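Below you'll find the structure, written out as structure tokens, and then a few comments.
The values are calculated or read from the model by the stated rules, or taken from the named source; none is laboratory data. None of these values were measured; they are calculated from a predicted model. Cβ coordinates were reconstructed from backbone atoms using ideal geometry, including for glycine residues, and neighbour counts include every protein chain displayed. With ligands, DNA and RNA removed, areas are computed over all heavy atoms of the protein, side chains included. Shrake-Rupley method; radii C 1.70, N 1.55, O 1.52, S 1.80 Å.
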Amino acid sequence: KDLKINKLYAIQLSPIDSLWKSIHETYALSRITFDVLVSTLKKLISPANPEERKEAKEMLSWPIGIGSGFVDIVSYGITWKILFSIIALLSINLGVLNILPFPALDGGRLVSTTVRSIIGIFYHKTRVLNAVEYSFHTFGMIFLLALSLFIAYIDISKFF
């Protein structure tokens, strides 16, 4: 019920206000995550200078880098509340990434299913539609695995 900023300042929230506050904060963090993702991709694909690409590579992290950062954070002796806030932020980041309309992710599955349903109304060859959808998701999975290896390489190279 209490949102404590420090020992001298606290906000009393009702259960309904707490729910609305959590929805608002989740939306705001999701928006920030999406904006940072777009900015990082722009810096990786078409940087204004070489430093931007280097900065974007430093921002990329996969489970190896996230785990290393998590160990660093815990070693500083942070409170459980902050630790749970970081876990919540990671969950929001994962949700934002998963909903993107990319093959092999849930957002890509939603898009392909919607497109297939629309096309299926006019074109009843399900075998062809199955092959196209399979190819679509196979390409996406291969790309995600290659991206995972690339980012894991970047994570590991940060240690050396």
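Residue-wise test of (1) of a type in the set (Ser, Thr, Tyr); (2) farther than 30 Å from Phe160 by Cα; (3) within 23 Å of the chain's Cα centre (by Cα); (4) at pLDDT 90 or above.
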{"site": "Leu3", "(1), (2), (3), (4)": "no, yes, no, no"}
{"site": "Ser39", "(1), (2), (3), (4)": "yes, no, yes, yes"}
{"site": "Ile45", "(1), (2), (3), (4)": "no, no, yes, no"}
{"site": "Pro63", "(1), (2), (3), (4)": "no, no, yes, no"}
{"site": "Lys81", "(1), (2), (3), (4)": "no, yes, yes, no"}
{"site": "Leu110", "(1), (2), (3), (4)": "no, yes, yes, yes"}
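Answer yes if at least one residue in region 123-142 is closer than 24 Å to Asp35 by Cβ and either open to solvent by 50 Å² or more (accessible area, probe 1.4 Å) or in a helix (DSSP H, G or I) (or both), and no otherwise.
yes
Considering Ile23, Ile73, Ile86, which residue is among the aliphatic types (A, V, I, L, M) and farther than 29 Å from Phe159 by Cβ?
Ile23
Only residues in region 28-42 that are on the phi < 0 side of the Ramachandran plot and part of a helix (DSSP H, G or I) count as the first member; pair them with residues that are open to solvent by less than 70 Å² (accessible area, probe 1.4 Å) and aliphatic (A, V, I, L, M), Cβ under 6 angstrom, at least 6 apart or cross-chain, and list the lot.
What qualifies is Leu29/Ile92; Ser30/Ile92; Ser30/Val96; Thr33/Val96; Phe34/Val96; Thr40/Ala56.
May I ask you to say which residue of Val74, Val38 is open to solvent by less than 80 Å² (accessible area, probe 1.4 Å), out of contact with any strand residue (DSSP E or B) (no Cβ under 9 Å at 6 or more places or on another chain), among the hydrophobic types (A, V, I, L, M, F, W, C) and farther than 24 Å from Gly140 by Cβ?
Matching residue, one of Val74, Val38: Val74.
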